[in-house]
1. Any idea which of (1) within 19 Å of VAL272 (Cα to Cα); (2) out of contact with any Ser or Thr (no Cβ under 7 Å at 6 or more places or on another chain) is the one ARG217 doesn't satisfy?
2. Contact list please: Cβ distance under 7 Å, first residue in region 247-259 and within 20 Å of ALA55 (Cβ to Cβ), second residue more than 8 Å from the ligand (Cβ to nearest atom) and open to solvent by 20 Å² or more (accessible area, probe 1.4 Å), pairs at least six apart or on different chains.
3. Of the residues SER160, SER135, only one is more than 12 Å from the ligand (Cβ to nearest atom), open to solvent by 10 Å² or more (accessible area, probe 1.4 Å) and closer than 17 Å to GLU210 by Cα; which?
4. Determine which member of the set ASN321, ASN264 is closer than 27 Å to VAL180 by Cα, of a type outside the set (Gly, Ala, Ser) and surrounded by 13 or more Cβ atoms within 10 Å (Cβ to Cβ).
5. Would you confirm, using the coordinates I've provided, whether LEU142 is surrounded by fewer than 22 Cβ atoms within 10 Å (Cβ to Cβ) and in a helix (DSSP H, G or I)?
6. Only one of these is modelled with pLDDT under 95, among the hydroxyl-bearing types (Ser, Thr, Tyr) and assigned to a helix (DSSP H, G or I): THR41, THR76. Name it.
7. Looking for something open to solvent by 70 Å² or more (accessible area, probe 1.4 Å) and in a strand (DSSP E or B) - is there at least one such residue anywhere in region 272-285?
Amino acid sequence: MPGKTVPEEAAPGKTVPEEAVPGKTVPGKTVPEETTVPEETQAAAPGDLQEHFEATIARGARIEPRDWMPDAYRATLVRQIAQHAHSEIIGMQPEGNWITRAPSLRRKAILLAKVQDEAGHGLYLYSACETLGASREELTSLLLAGRQKYSSIFNYPALSYADVGTIGWLVDGAAICNQVPLCRTSYGPYGRAMIRICKEESFHQRQGYELLMTMMRGTGEQRAMVQESVNRFWWPSLMMFGPPDADSPNSARSMAWGIKRNGNDELRQRFVDMTVPQAEALGVTLPDPGLRWNAERESYDFGEPDWSEFTAVLRGEGPCNAQRLAHRRRAHADGAWVREAALAFAGKTALATAGADHD
Ligand code: FAQ
């Protein structure tokens with residue numbers, strides 16, 4: 001699949017002029033007020049701070065923005081949360097392409113609401129990152145410069161309206177399996193953002209399943225569209241959980257810090273166990289000849305995803321990598337006037353407020 005030419009999804013199209021690519025100027029890292037170390041901890045010796053941090057993690061309590069934290073813990077959080085935020089924003093594209101071609105007003109309203117939710121998720125997550133001292137502007141620049149990742153799944157095209165249903169069912173379904181445990185992540189702002197995100201993702205998954213169920217009750221052609229869509233999205237959905245634990249360089253440390261609560265393989269298994277009965281109820285076949293119930297493990301055995309495809313997609317060689325990033329760069333350049341206007345307005349408001357304070 002990687003490298004293969006894929007039919008144009010919806011022609012988001014034009015290439016982006018070089019000068020429209022931000023990322024050349026990465027603004028200096030601003031540390032918001034919340035990240036300053038409170039006075040009583042500033043006075044403590046580094047050893048005590050480390051001990052306090054470890055004891056907080058060990059008792060399952062949360063680290064908050066004002067707490068001292070090791071640099072590597074902060075960097076891991078910024079990496080994961082930023083990647084997650086970027087995924088939500090880039091993840092608007094495959095489904096967003098279908099808003100103008102939804103088959104009914106009802107479907108259009110549902111899809112519009114879902115895609116807007118994804119924008120909201122991105123914003124909660126960028127806000128969580130800001131509490132760690134990484135500005136949204138800086139993170140966006142890193143994404144546009146290709147220096148931060150987003151989820152592999154969004155490098156696959158949405159080729160039919162059935163894909164809108166399959167993305168809701170499988171992609172949001174995988175996102176829920178991965179993200180529900182993150183509601184208990186050790187960093188407070190991330191965990192609290194995840195609670196709201198997971199509620200919305202559950203709605204997204206149901207709408208996808210309902211769409212597919214409607215199509216499965218339709219014509220033979222509609223049923224075939226659903227099956228074809230599921231065939232394309234099954235393996236990439238399994239890859240969303242990341243590489244096998246043995247090849248996951250970050251898992252052990254992230255789990256020791258309580259950032260991740262489970263390994264990649266455990267969550268992938270949970271997703272398969274949850275999804276197989278749903279596929280049966282829907283009447284679709286999952287494209288894995290190795291899929292079978294294992295009574296001893298009380299879980300489904302399943303085949304190995306093609307990890308060479310996964311690494312190729314991460315290298316930028318997936319079907320839609322170039323298109324997704326070009327579209328994101330163009331949208332960012334097109335939105336420059338909005339950011340300028342918002343900043344000018346904020347400046348005027350601040351001046352007016354300062355003036356009023358002196359009256
Ligand atoms: N795609 O050592 P690990 C959504 C990278 S859901 C791309 O195992 P880690 C909702 C990984 O970053 C999708 N890269 O890494 C939605 C690392 O590279 P790095 C987003 C991947 O962090 C639905 C390297 O491989 N969800 O958007 C992927 O411990 C529908 C080694 O991997 C989240 O981000 C991948 N699939 O575990 C929106 C959830 N997997 O950074 C619209 C939060 C791994 O060292 C429509 N994130 N890599 O250069 C996580 O739970 C974790 O970050 C994992 C990866 C599990 C994704």
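1. (1)
2. Taking only residues 6 or more apart or on different chains, the pairs are TRP257/ILE57; GLY258/ILE57.
3. Working: SER135 fails: closer than 17 Å to GLU210 by Cα.
The match here is SER160.
4. ASN264
5. The answer is yes for LEU142.
6. Exactly one residue qualifies, and that residue is THR41.
7. Of all residues in region 272-285, those open to solvent by 70 Å² or more (accessible area, probe 1.4 Å) come to 280, 285.
Cutting the leftovers down to in a strand (DSSP E or B) gives us none.
No, there is no match, as no residue in region 272-285 is open to solvent by 70 Å² or more (accessible area, probe 1.4 Å) and in a strand (DSSP E or B).
Yes/no per residue for (1) farther than 19 Å from ALA145 by Cβ; (2) modelled with pLDDT under 95; (3) open to solvent by 60 Å² or more (accessible area, probe 1.4 Å); (4) in contact with a Ser or Thr (Cβ under 6 Å, 6 or more places away or on another chain):
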| site | (1), (2), (3), (4) |
| --- | --- |
| SER299 | yes, no, no, no |
| ALA312 | yes, no, no, no |
| LEU325 | no, no, no, no |
| ALA354 | yes, yes, no, no |
| HIS358 | yes, yes, yes, no |
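The values are calculated or read from the model by the stated rules, or taken from the named source; none is laboratory data. Computed from a predicted model, the values in this text were never measured in an experiment. Heads up, the Cβs are rebuilt from the backbone with ideal geometry, glycines too, and the neighbour counts pull from every protein chain shown. Quick note on the areas: whole protein, heavy atoms, side chains included, nothing else; ligands and nucleic acids left out. Shrake-Rupley method; radii C 1.70, N 1.55, O 1.52, S 1.80 Å.
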